[in-house]
Structure formats: structure tokens, C-alpha cells
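Below is one structure; the comments refer to it alone.
The values are calculated or read from the model by the stated rules, or taken from the named source; none is laboratory data. Nothing here was measured: the structure is a model prediction, and the numbers come from that model. FYI the Cβ positions are ideal-geometry reconstructions off the backbone, even for glycines, and counts take in every protein chain you see.
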Amino acid sequence: MAWEATHLLPLVLLVLLASGSWEQQPQPLRKREGEEVSVRCEYPPQRGSKTKTWCRITTAETCNILVTSPRLRGQPGNTRYVIRDYPQWGYFTVTMTALREDSGWYWCGTLESSGIALLRAIRLVVSPGVPPAPALPELRLLAIVLTCGFVLNKGLVFSVLFVLLRKARASGEPDPGEQQSHPSRS
């Protein structure tokens, strides 16, 4: 469901420009695919009874409403988007789960008779997720390779020690493992 924001957009831009917020765009929220993001949107007491909304800016003139609280009549439910309202503290949270191709600009606000009253603009950047963990056969192969490497490493160390001991015996040096015999004094 798209909300026509043409009459509201120039006013929002004017407020952002006047407040200096336009030059200092907010730092983007950075998340990875598969993660979730929660955003806190504060509102003044006079908007406590208004319908809370979360929408995604699709063009310069539309804001696609993703979820409202309470849910609007005819609005399909989507469990990826959840609004929890805390009117006693004057804010609500929006949670988006299972992020994927969700990078973009979002608005949280309240529905007014004139349109959406913007409370906060959010820029979300979703990057590719962490590669999945290796499958069980790959883990077994990794364990075998590591075990072989460990055994071969120990074998190499023992081989080097053996060669050094043989060289020591051949040169007449005392074997470090043998005890020195001292003639007894009588």
C-alpha cells in the first residue's frame, strides 16, 4: 500500500534543511543479511493515540507502508515487520527481521489526516551475510587433514631428534639421555 507523500515531502525537506539535518545525514545502520534491526522512534504526547507507521521510501514521492500499529484495515500481515508501542514512555520500536535486500531509506512516523508525520528517517545498509558453516562431511575432512598434519609434524620432529642423536653418538659426544659415569673414589 503506497502513501502519496507529495504534499508532505516539500515540508519535510524544508524542516530538514532549516534544522541543518540535511547536510548532516545520519550514519547508516549497517547490518548483514539474515540479521534483524530495531529502531526506536520517539513521539510527543499529543501523538500517543495516533497510528504508528513504518514505511520505505520507494521514490521521491511515495512511502510504501510496511507495517502500522494498530494494523490498518485491509493491510496484509507480514511477520518480518513488528511495531511495539510504549505510549507511557512516548516511543515505539520497529523491528525488521531476516534482512536481505532491504537497503534503503525508511521513515517512522504517525498517521495524520494530512499524511505521515515524520518522526525519524533511517538509512539502512544491508551487506552480504557471513558464509554458512561448513557441512558435516567438510568438517570430517578438515578433522582428518588436521590430524594427519599433527601426526606428520610429530613424526618429523622425532625423525630430526633421531638423526641428531645418531650424529651425537657417532661423534663421541655423550648421549643426553645417558647418565655420566664417574669413577668412584676409594
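Which of the following residues is surrounded by 13 or more Cβ atoms within 10 Å (Cβ to Cβ) and in contact with a helix residue (DSSP H, G or I) (Cβ under 6 Å, 6 or more places away or on another chain): THR110, THR97?
THR110
Would you be able to tell me the number of residues in the stretch 85-118 that are in a strand (DSSP E or B) and either touching a residue at least 12 places away in the same chain (Cβ under 8 Å) or of a type in the set (S, T, N, Q) (or both)? Step through it out loud before you land on a result.
Going through the stretch 85-118, the residues in a strand (DSSP E or B) turn out to be 85-86, 91-96, 104-112, 115-118.
Then keep just the ones that are either touching a residue at least 12 places away in the same chain (Cβ under 8 Å) or of a type in the set (S, T, N, Q) (or both); that gives 85, 91-96, 104-112, 115-118.
Within the stretch 85-118, residues that are in a strand (DSSP E or B) and either touching a residue at least 12 places away in the same chain (Cβ under 8 Å) or of a type in the set (S, T, N, Q) (or both) number 20.
Of all the residues that make up the stretch 54-63, how many are in contact (Cβ under 8 Å) with a residue 60 or more places away in the chain and over 24 Å from the mean Cα position of the chain (by Cα)?
The qualifying residues number 2.
Going residue by residue through the stretch 31-46, is there one that turns out to be crowded, with 16+ Cβ neighbours inside 10 Å, basic (Lys, Arg) and in a strand (DSSP E or B)?
yes
Of the conditions (1) part of a strand (DSSP E or B); (2) among the hydroxyl-bearing types (Ser, Thr, Tyr); (3) modelled with pLDDT under 90, THR79 satisfies every one except a single condition; which number is it?
(1)
Could we say that THR53 is among the β-branched types (Val, Ile, Thr), at pLDDT 90 or above and under 21 Å from GLU112 (Cα atoms) here?
Criteria met by THR53.
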